[in-house]
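Q: Next up is a structure, given as structure tokens.
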Amino acid sequence: MSHTLEGILEPTLVGLGFELVDMQVSSRGRFLRIFMDKPGGITVEDCAAVSRHLSRVLEVEGIDYDRLEISSPGLDRPLRKPADFARFAGQRVDVRMRLADASGRRRYVGLLRGIEGATATVDVDGAPVALQLDGMDRARLVPEL
């Protein structure tokens, strides 16, 4: 369901001027949580308008659910697509890899330098580390408070 759902949500949100950042489907598909963003951030009104629009779209598409929640990705926004790693170059990130490297390390926190192909470069303790996107368990921005 989630692959089909993403195929419905992404173009719908783009058409409304938003970006699909992430989505969570839980309780056997009965609860849908959608994280969206746009340049300058989103408002409560944006969330309400998108919720109304998606309710109609999901009904037409035959997606059955009990609860739909729309929200911003927050300060610790997840990074998923190569474009995310390019857009947020220069910011601090926290990356957890699926598998440990030769030294046993799986977590890298540092300054995101950018992305080339499918490899993100993160300065960790002053040294650049190349991390493959397809090997990442998760990657998030580190909020600067």
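Values quoted throughout were computed directly from the atomic coordinates according to the rules given, and no laboratory measurement underlies them. Everything numeric in this text was worked out from a predicted model, so none of it was measured. Quick reminder, even Gly has a Cβ in these numbers, built from the backbone with ideal geometry, and neighbours come from all protein chains shown.
Q: For V21, what charge total do you get from the other residues with a beta carbon under 14 Å from its beta carbon, if Lys and Arg give +1 and Asp and Glu give -1?
A: In short, -1.
Q: Compute the acute angle (0 to 90°) between the alpha-carbon long axis of helix 44-61 and the principal axis of greatest extent of the alpha-carbon atoms of the chain; round to the nearest 10°.
A: Rounded to the nearest ten degrees, it is 70.
Q: What is the magnitude of the charge dipole of the stretch 2-71 about its Cα centre, with +1 placed on the Cβ of each Lys and Arg, -1 on the Cβ of each Asp and Glu, and no other charges, expressed in debye to the nearest 20?
A: For the stretch 2-71, the charge dipole is close to 180 debye.
Q: When the dipole is taken about the Cα centre of the stretch 48-137, and only Lys, Arg (+1) and Asp, Glu (-1) are charged at their Cβ, what size is it in debye, to the nearest 20?
A: Taking the Cα centre of the stretch 48-137 as origin, the dipole is about 220 debye.
Q: Here's something else I'd like to know. Work from the charge dipole of the chain (Cβ charges, +1 for Lys and Arg, -1 for Asp and Glu, about the Cα centre) and give the residue of L9, P73, G41 farthest towards its positive end.
A: About the Cα centre, the residue reaching furthest to the positive side is P73.
Q: Can you list the residues, at least 5 places off or on another chain, whose amide H is less than 5 Å from the amide H of R77, using H built in the peptide plane?
A: L141
Q: Using θ = phi - 60° and the Karplus form 6.51 cos²θ - 1.76 cosθ + 1.60, what ³J(HN,Hα) does each residue of the stretch 100-110 get, whole Hz, x for Gly and Pro?
A: Each residue's phi maps through the Karplus curve to give 6, 7, 4, 8, x, 7, 10, 10, 10, 10, x Hz.
Q: Related question: Please report the equivalent ellipsoid semi-axes of the chain, computed as sqrt(5 x eigenvalue) of the Cα gyration tensor, largest first, in whole Å.
A: On the way: eigenvalues 200, 56, 32 Å².
Square roots of five times the eigenvalues give 32, 17, 13 Å.
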